[in-house]
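Take a look at the structure below.
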Amino acid sequence: MNATSDLARAIAAAPASSLPSSLFGLPGQAPHERVLLVADEQTGLKGILAVHSTARGPAFGGCRLWTYDNELAALNDALRLSQGMSLKNALADLPFGGGKAVIIKPAAIQDRAALFAAFGRAVQSLNGAYITAEDVGTTTADMLGMQTQTQFVSGIPRAGAFGGDPSPKTAWGVFVSIEAGVRLQLKRESLAGVRVALQGLGAVGWHLAEFLHKAGAKLVVADVDAAKVARAQEQLGAQAVGIDAILSAEVDVLAPCALGASLNAQSIPGIRAQLIAGAANNQLATVEDGDALQQRGICYLPDYLVNAGGIISVAREYRNEGEENAVMAEVSRIGERVAELLERVKSAGTTPGRVADDWARSKLVKPA
């Protein structure tokens with residue numbers, strides 16, 4: 001497998017202004033420990049495996065299958081996502097570092113099983129430095145396919161044992177974060193009547209919508225899939241708005257559950273929610289966007305804090321630890337971390353995003 005020539009051609013063809021400042025990491029940050037480019041002509045695989053940190057243990061993070069504008073965009077996504085996983089795993093007190101993989105979605109996948117088998121061989125080539133699981137665009141079936149090629153994979157259903165799809169755990173972590181944020185920031189003792197806008201009704205977004213509906217929240221939803229929106233209207237009494245209107249909906253809470261960078265210089269001026277907590281990774285386009293939210297009186301709960309339920313689930317599965325109730329209890333403690341973060345913000349006098357970054361980086365050391 002070798003993808004270096006493809007990336008080299010993309011760099012040569014791209015305008016200088018669009019190039020990343022480093023192929024090894026993000027601007028102003030320490031280099032990633034390892035970035036592996038893989039390609040397999042027979043299956044159409046083109047993937048990037050980014051290992052950000054193994055300070056706490058092997059890098060652990062999902063595999064995303066997505067369509068990118070170009071290979072540089074895929075590289076940038078892998079670097080951002082893997083760094084986010086280091087921070088997420090550290091704040092969740094897991095004995096793992098951060099890593100992530102992205103597969104550039106082929107125009108047509110001829111043999112999905114063969115594609116993920118090829119990716120599994122790439123994971124195996126890192127000899128345990130990176131452990132993978134589901135992410136956007138991938139499924140438990142894909143993980144089962146990879147398991148034929150590598151043992152460094154999780155998120156797999158097991159007969160008579162805990163494991164499988166982590167999306168309900170991710171959703172539960174976001175739910176308890178919203179509960180904590182509503183109580184501490186909005187000064188409301190329950191979610192009854194609280195208006196929540198959900199951007200995205202995928203696997204995690206739908207579970208979150210169900211949890212919120214059961215708690216009495218009023219839902220405003222948007223998704224590119226009209227059938228999912230119609231289902232939310234019918235089953236959850238949700239109000240539907242267009243995907244271009246969801247971020248500016250008149251609500252109490254905004255829950256971004258689609259792709260990253262939705263909170264940016266263009267969207268922030270129109271946001272009317274008082275609290276933001278969602279499942280999407282890398283919601284802030286830049287750290288300065290967190291400052292802009294704070295200046296507008298909007299409390300942003302960092303995504304890698306609130307959406308850690310999924311990685312907690314697959315990490316415990318991988319280590320063959322815990323069972324359903326114990327894992328759910330561990331995920332519920334994310335709400336306690338939200339409360340601690342907001343206390344730290346009071347004394348620090350800065351934004352939740354900056355405080356969370358410093359808190360997480362202080363934990364990027366080998367667990368005691």
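The values are calculated or read from the model by the stated rules, or taken from the named source; none is laboratory data. Keep in mind that this is a model prediction, so the values were computed, not measured. As a convention, Cβ positions derive from the backbone with ideal geometry for all residues, glycine included, and neighbour counts pool all protein chains shown. All accessible areas refer to the heavy atoms of the entire protein, side chains included, with ligands and DNA or RNA removed. Shrake-Rupley method; radii C 1.70, N 1.55, O 1.52, S 1.80 Å.
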* Only one of (1) among the hydrophobic types (A, V, I, L, M, F, W, C); (2) open to solvent by less than 60 Å² (accessible area, probe 1.4 Å); (3) closer than 28 Å to ARG344 by Cβ fails for ALA265. Which number is that? -> (2)
* Looking at GLU330, GLU288, GLU317, which is the one that is on the phi < 0 side of the Ramachandran plot and either outside any helix (DSSP H, G or I) or surrounded by fewer than 16 Cβ atoms within 10 Å (Cβ to Cβ) (or both)? -> GLU288
* If you go through the range 48-82 one residue at a time, how many are within 19 Å of the chain's Cα centre (by Cα) and more than 23 Å from TYR318 (Cα to Cα)? -> 10
* Those residues of the range 218-234 which are touching a helix residue (DSSP H, G or I) at 6+ places or on another chain (Cβ under 8 Å) and either of a type in the set (S, T, N, Q) or open to solvent by less than 20 Å² (accessible area, probe 1.4 Å) (or both), in sequence order -> LEU219, VAL220, VAL221, ALA222, ALA232
* Those residues that are assigned to a strand (DSSP E or B), of a type in the set (A, V, I, L, M) and either over 22 Å from the mean Cα position of the chain (by Cα) or over 12 Å from PRO256 (Cα atoms) (or both), I need them from the range 188-219; list them, please. => LEU219
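Residue-by-condition table, conditions (1) open to solvent by 20 Å² or more (accessible area, probe 1.4 Å); (2) assigned to a helix (DSSP H, G or I); (3) closer than 29 Å to ALA356 by Cα; (4) out of contact with any helix residue (DSSP H, G or I) (no Cβ under 7 Å at 6 or more places or on another chain):
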{"site": "ALA90", "(1), (2), (3), (4)": "no, yes, yes, no"}
{"site": "LEU94", "(1), (2), (3), (4)": "no, no, yes, no"}
{"site": "GLY98", "(1), (2), (3), (4)": "no, no, yes, no"}
{"site": "ALA114", "(1), (2), (3), (4)": "yes, yes, no, yes"}
{"site": "ALA118", "(1), (2), (3), (4)": "no, yes, no, yes"}
{"site": "ARG121", "(1), (2), (3), (4)": "yes, yes, no, yes"}
{"site": "LEU144", "(1), (2), (3), (4)": "yes, yes, no, yes"}
* Take the residues of the range 48-78 that are without any contact (Cβ under 8 Å) to a residue 60 or more places away in the chain and out of contact with any strand residue (DSSP E or B) (no Cβ under 7 Å at 6 or more places or on another chain): which is surrounded by the fewest Cβ atoms within 10 Å (Cβ to Cβ)? -> ASP69
* Asked: Can you name every residue in the range 25-80 that is closer than 18 Å to ALA133 by Cα and of a type in the set (Val, Ile, Thr)?
  -> VAL35, VAL38, ILE48, VAL51, THR54
* Since GLN283 meets every condition but one in (1) open to solvent by less than 10 Å² (accessible area, probe 1.4 Å); (2) touching a Pro at 6+ places or on another chain (Cβ under 6 Å); (3) touching a residue at least 40 places away in the same chain (Cβ under 8 Å), which condition does it not meet? -> (3)
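Residues checked against (1) more than 26 Å from SER313 (Cα to Cα); (2) open to solvent by 60 Å² or more (accessible area, probe 1.4 Å):
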site	(1), (2)
ALA209	no, no
LEU212	no, no
ASP244	yes, yes
LEU247	yes, no
* To do: Name the one entry in GLY163, GLY84 that is open to solvent by 10 Å² or more (accessible area, probe 1.4 Å), closer than 15 Å to GLY310 by Cβ, assigned to a helix (DSSP H, G or I) and not charged (D, E, K, R).
  => GLY84
* Structure fact -> Counting only residues that are under 25 Å from LEU144 (Cα atoms), open to solvent by 40 Å² or more (accessible area, probe 1.4 Å) and out of contact with any strand residue (DSSP E or B) (no Cβ under 8 Å at 6 or more places or on another chain), the range 30-47 contains a total of 2
* Structure fact -> Going through (1) more than 22 Å from LEU45 (Cα to Cα); (2) not in a helix (DSSP H, G or I) one by one, GLY137 fails only at (1)
* Which pairs have Cβ atoms under 7 Å, sit 6 or more apart or on different chains, and link a residue in the range 346-367 that is without any contact (Cβ under 8 Å) to a residue 12 or more places away in the chain to one that is outside any loop (DSSP other than H, G, I, E, B) and open to solvent by 50 Å² or more (accessible area, probe 1.4 Å)? -> none
